[in-house]
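Encoded as C-alpha cells, the structure appears first; notes follow it.
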Amino acid sequence: MTERPLAWILAGSALLPVLSGVVGLIRTGSPGLALAEEAEISFEAVPPDKWTGEPYELAGKRLVFTNWYYVRPGGYAWVDAQGSNVSANRAQKIGPWGARFERADDAPRGIRLFAEKPERRGPIVEAERPWEEMGLSIRYALKEGDRYRAWGSCQDKEAASYQCYFESADGLVWQRPSLRLVDYQGSNENNLIPEAPHCVFLDPTAPSDERYKGVSDGHVEKAQFEAFIERYPDRWQHRALRKDANFIAALYGYVSPDGLRWTRLADPFTIEHTDTQVVGCYDAVRKKYMVFTRTYFVGPRSPRAPDDPAGMGWLGEARGSGRRSIGYTESDKFGDFPVSDIILSPRSDMSPTELLYTNGYTTVPGAPDHHLLFPTVWDTSDDTTHLEMAASHNGRLWNWVPGGRLMETGNFGRFDGGCIFWHPNLIELADGDFALPYTGYEFPHKYPRGAWSYRPGYAVWPKGRLVALEAPEEGEFSTVSFMSPGRKLRINAVTKRAGHVLVAVTRRNGDFLPGRSLDDAVPIVGDQYRTLVQWRGGDDLGVEEGEPIAIRFRMRKAKIYGLDFE
C-alpha cells in the first residue's frame, strides 16, 4: 500500500493531485475510504463545470467569514513511532497506546464565529409629505453605480396606502425625486410610483426592458386558479385557499425597464400561501433565479380526519399548527418555479412562541457569493420582535450564525418601540459601514392599527464589521485554496493591545510562497480597517498569474472581519 501524506487525510484537501491529467492512480490504506484500489480512473467524460473542491472562485473581490465554508477543515492522521501514517490501516497491529494523533499545520484551532450587534439609527427619513403622515417605510434598498435607490410604502392620515421611491448619493440623506407617475390630490409632483413588487433586483442577463425584476405576493380569482392548476398540477398547494379571508394566495413576478414602471406577469409563479415579505434575486454564480418566501412549518393532515369547514387547521392561530418559517424556490428562468420548500425554521432552542416572520434575504456587499438571512423573529408571548442572522454559501443550505439576539424592539416612546421588521438589502455606505433597512412601528405588531405610526431606520455595523472570526487566545487557520481576484490584500481586523494577526500565503499543497511565510509577515495590531497586508519581502501576494493560493492566519486575541483583494 502507498502511504498518503498527512495533508491529504482531510475533508476539503485535494485527493486528486493531477487535475489536468486524464488518468490518476489513487490508493489508500483503508478499504472503507478507497476511491479506487489499484484501479485506473478516467475523468475524460467529466466537463470542467462539474468538478467540485479546491481551488474555489470568488464571485467578488471580498472574502468574509459568516460560516466555515472558506475555512479549511485541516489535515489529521494517526502516526506510529517512526512518524508514518497508519490511519485506519488494518494491516498494522498496534496496541492502544502505540499510535499518536497529529494534525497538519493548516488545521484550525482556537477560533470561533459570532455575529456582532448592530447600532440602531433612525428615523433615517422623516415624514414630510401628506402621503406619509401615518406611515413611511423603506422596504428594499440597493446601490446601483454611484447612487443608492430605495423603494418603500407610505400611508396618509386617511390610511390610504401608496408605494414610494427615494434616491441618495451616500445612503444617509434620502431625496424624493418628482416622478410624475401618480396623481395625489390633484398633483403628480411626488415620489409615488404605481403598482410595484415587494422587492427589486437587477438581472444582468435580461434585455433592457426587463432589466429590473421583482416578486411579490398576490391573489388569484377562482377561474384563474382552476385554469392554473389544470395546466400546472405541481405548482400549487392547498394552503393557498384561505377560506377565512375568502382569497386564493399566489406568488407573482414583475419586470421593469427602470425600476419605476412595472408590469406584473400574467400568470403567477406558484399558487401557495406566502405573504408579508417575498425576496427575489439572480444568482450569477449558479445562474439561477432565487425566491425567498414566507411559508409554514406544518405537517400533513390525517386522511381520517373530518372536513374542516374553516380550512384553518394549519394556520398559527389558537387551534392551528403552522409555525411561520422561511421558504425557498429556484428556477433557471424567471418562471416555472416549483412551490417553495422550507429552508429555515425556528430553532429548537428558541421559545415555542417564537416564529420567523420575515426572511430579510441579502448578500454581503462586494461578495455576492456570501448569502445572508436576517429573519425577524416574532414572539407571540408578548408581541415583540428581534433580529437574528443565518448564513449560506449557495442560498440553499443555511446555518444560524452564533450571536443570538442581535437587535431588539426599541423602548417605549421611540418610533420603533412597538415592533421592528428588517428588509433587504444590506448596503455599504460611503464610509464603509454596513446598513440594513428596517421599519419601526410605534405599536406592537397585532395591536389595533387605526392610529399606528411607522418610520424607516437602519441597523448599522460600523466599518462593515458584521461577523467576527475570533481567536480569544491563540488561534490559527487556513482558508481553502482559491484563485485570487487581485494581487494585494487588505484586512479588516481588530486586536487587543497584546494581540496580533500574522498572515501568510501558501500554495495549494500548504507550502509558503517565497517571502510570504508567517515568519515574514508584518504583524497586524490594533484597529485596522482595510489595512494593506505586508511582508518583509513586499506588499503583494507574491502569486503567479493563474496560480491557486490559500491564506494562512496565526492570531492572538484578535478578530478578523473580512479580506479585500485589489
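Quote the FRET efficiency, to the nearest 0.05, computed for His238 versus Thr205 with a Förster distance R0 of 30 Å and r equal to the Cβ-Cβ distance.
Efficiency, rounded to the nearest 0.05: 0.30.
Arranged by the count of other C-beta atoms within 10 angstrom, fewest first, what order do Cys199, Cys154 take?
Cys154, Cys199
Give the long-range amide H neighbours of Gly171: residues separated by 5 or more places, or on another chain, with amide H under 5 Å away, using H modelled in the peptide plane at 1.01 Å from N.
Sorted by chain and number, the residues that satisfy this are Tyr148.
I'd like the FRET efficiency for Asp183 and Glu126, computed as 1/(1 + (r/R0)^6) with the beta carbon distance as r and R0 of 30 Å, rounded to 0.05.
0.80
Would you work out the relative contact order for the chain, in percent, from Cα pairs under 8 angstrom that are 6 or more residues apart?
15 percent.
In whole angstrom, note down how far apart the Cα centers of region 49-125 and region 272-300 are.
Each part's Cα centre sits 31 Å from the other's.
For region 471-565, what does the alpha-carbon gyration tensor say about shape, rounded, prolate or oblate, given a ≥ b ≥ c as the root eigenvalues, a/c under 1.5 as rounded, and a/b over b/c as prolate?
Since a/c reaches 1.5 and a/b is larger than b/c, the shape of region 471-565 is classed as prolate.
Would you mind ranking Arg507, Arg100 so that the residue whose beta carbon has the fewest other beta carbons within 10 Å leads the list?
Arg100, Arg507
Just need the relative contact order of region 195-345 here, percent rounded to a whole number, with Cα pairs under 8 Å and 6+ apart.
Result for region 195-345 is 22 percent.
Arrange Asp332, Asp267 by Cβ neighbour counts within 10 Å, fewest through most, would you?
Fewest-to-most Cβ neighbours within 10 Å comes out as Asp332, Asp267.
With runs of 4+ DSSP H residues as the only contributors, calculate the mean residue ellipticity of the chain at 222 nm using -39,500 (n - 2.57) per run, divided by the residue total and rounded to the nearest 500.
After summing the helix terms and dividing by the residues of the chain, the value is -500 deg cm²/dmol.
Let a ≥ b ≥ c be the square roots of the eigenvalues of the Cα gyration tensor of region 145-238; is it rounded (a/c under 1.5), or, if not, prolate (a/b larger than b/c) or oblate?
Verdict is oblate for region 145-238.
In degrees, nearest 10, range 0 to 90: what is the angle between the Cα axis of helix 222-231 and the longest Cα principal axis of the chain?
Value to nearest ten degrees: 30.
Give me the net charge for the shell around Pro204: Cβ to Cβ below 14 angstrom, other residues only, Lys and Arg +1, Asp and Glu -1.
Local net charge: +1.
Chymotrypsin sites (Phe, Trp or Tyr not before Pro), restricted to region 83-129: which are DSSP loop and have at most 16 other Cβ atoms within 10 Å?
Answer in residue order: Trp97.
How big, on average over all directions, is the shadow cast by the Cα convex hull of region 195-345, in nm²?
Quarter of the Cα hull surface area: 9.7 nm².
Just name one of Ile491, Ala550, Leu513: the one whose Cα is farthest towards the positive end of the charge dipole of region 471-565 (beta-carbon charges, Lys/Arg +1, Asp/Glu -1).
Comparing the listed Cα positions along the dipole, Ile491 ranks first.
Starting at the first residue of region 156-167, write each ³J(HN,Hα) from the Karplus equation 6.51 cos²θ - 1.76 cosθ + 1.60 with θ = phi - 60°, in whole Hz, x for Gly and Pro.
Working through the residues one at a time gives 8, 5, 8, 6, 6, 9, 9, 10, 9, 9, 9, 9 Hz.
Return a whole-number percent for the relative contact order of region 471-565, with Cα pairs under 8 Å and 6 or more residues apart as the contact set.
This gives 49 percent for region 471-565.
Which lysines have a Cα lying under 29 Å from the Cα of Lys143, excluding residues fewer than 8 positions away in the same chain?
Lys61, Lys117, Lys213, Lys287, Lys288, Lys333, Lys463, Lys488, Lys559
Need one word for the chain: rounded, prolate or oblate. Basis is the Cα gyration tensor (sqrt eigenvalues a ≥ b ≥ c); a/c below 1.5 gives rounded, then a/b vs b/c decides.
prolate
Throughout, read-outs are computed from the coordinates displayed, never taken from laboratory work. Values in this document were obtained by computation on a predicted structure and should not be read as measured data. Neighbour counts run over all protein chains shown; Cβ positions are idealised from the backbone, glycine included.
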